[in-house]
1. Could you order the peptides 213-221, 94-102, 130-138 from most to least packed, using the average number of other C-beta atoms within 10 Å per residue?
2. Kindly report, to the nearest 10 Å², the accessible surface of HIS208 as traced by a 1.4 Å probe over protein heavy atoms only.
3. In whole percent, and with a 1.4 Å probe on the protein chains, what portion of the accessible area of the chain is carbon and sulfur?
4. Beta carbons within 10 angstrom, averaged per residue: use that to sort the peptides 247-255, 179-187, 228-236, 56-64, highest first.
5. Whole number in Å², please: accessible area per residue of the chain, 1.4 Å probe, ligands, DNA and RNA not counted.
6. For the chain, what is the mean residue ellipticity at 222 nm derived from helices alone (per DSSP H run of n ≥ 4: -39500 (n - 2.57); sum divided by total residues; nearest 500 deg cm²/dmol)?
7. Quote the FRET efficiency, to the nearest 0.05, computed for ASN238 versus ASN113 with a Förster distance R0 of 41 Å and r equal to the Cβ-Cβ distance.
8. Which lysines does LYS258 reach when only Cα atoms under 16 Å apart count, and residues fewer than 8 places away in its own chain are ignored?
Amino acid sequence: MKRIGPLIIVEGPNNSKVPFSRSIYIDSPDKVLIDSGAEPKALQDIRDQFGVHVILNTHYHPDHTQHNHLFPNAEKWINQIEFDTARTIEGIARANGIYQEWGDAGVEMWKKNLPEEWVQNLKQISGTYEYEVEYSFGGVKVWMLHTPGHTSGLASPYFPDLGVVYASDYDMTSFGPWYNGTDGDIDDFIKSADRLLSLDAHTYITGHQKGIFSKDEFKQEMVKFLNVIDKRDEMVENYTRKGLSFDELTEVGIFYPKNTLSVPIFKTWERSGIRKHLHRLGLTVSERDGALVTAKC
Ligand SMILES: [Zn+2]
């Protein structure tokens, strides 16, 4: 485990690749853990060796909340925007675009395969933290910055005295930005990226894969990362010019590799994500026949 001052960085399996993520433990008398998507054994070791009183979940996605249940005695706090979403399966289904794309029947199908422990985690979210105020955990100062885009409520923990930011899903992976839930927003994603870069910080810790960046590295990588949005715009525009229907467009593989689109949740996010790029082009999907039509303002 790496350490930056009082922060212990707890890795997830497979370099914290989705469906896992990196957690951060604030080693102070207040015993605070940020996100619980890291390797279960490593989290249990932290729990047993140091103790965990509070978990701060940056957002409700399972790869950041999935091991909350390993801490039955800890308070579990999430941001105020996502508190309701995070506590019910229906809330999660709505935010993930499952209702939007498949209706009630799709939600029923999706519910059948959910891990039991993860479902229990939802009910255990016990409170909220506030955005944009200074918390001091045993003297370690942290601000939960509101950085919407990936989800509407995503918080990015910023440690001003340490010059460190936990940039969670600004993960700089080749996949590019993820804003595919109904609560994701491309313009907000870009604005929040600028905000993260404007902070007085020298170290950025991401939630997945390559973990620790200097500010210069993070800045350079952010250009490439956000460029993926433009590439998606171009692809969607080119295919619509060729006359593809919405259903045909969702078979191409704009976000996910074509051969993975048989996985229902990937197909769901592919569809939901493409709708956002169509919206940027001023297009919408006709409910009547799935054709792409000019959006009414
Ligand atoms: Zn996420």
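The values are calculated or read from the model by the stated rules, or taken from the named source; none is laboratory data. All figures in this text were calculated on a predicted structure; none of them were measured in a lab. Ideal geometry is used to build each Cβ from the backbone, glycine not excepted, and the neighbour counts take in all protein chains shown. Accessible surface areas use protein heavy atoms only, side chains included; no ligands, DNA or RNA. Shrake-Rupley method; radii C 1.70, N 1.55, O 1.52, S 1.80 Å.
1. The peptides rank, most packed first, as 94-102, 213-221, 130-138.
2. 0 Å²
3. Within the chain, the accessible surface is 51 percent carbon and sulfur.
4. Those peptides, ordered most packed to least, come out 56-64, 179-187, 247-255, 228-236.
5. Per-residue accessible area for the chain comes out at 45 Å².
6. Value at 222 nm, helices only, nearest 500: -11500 deg cm²/dmol.
7. For ASN238 and ASN113, the calculated efficiency is 0.70.
8. Partners found: LYS267.
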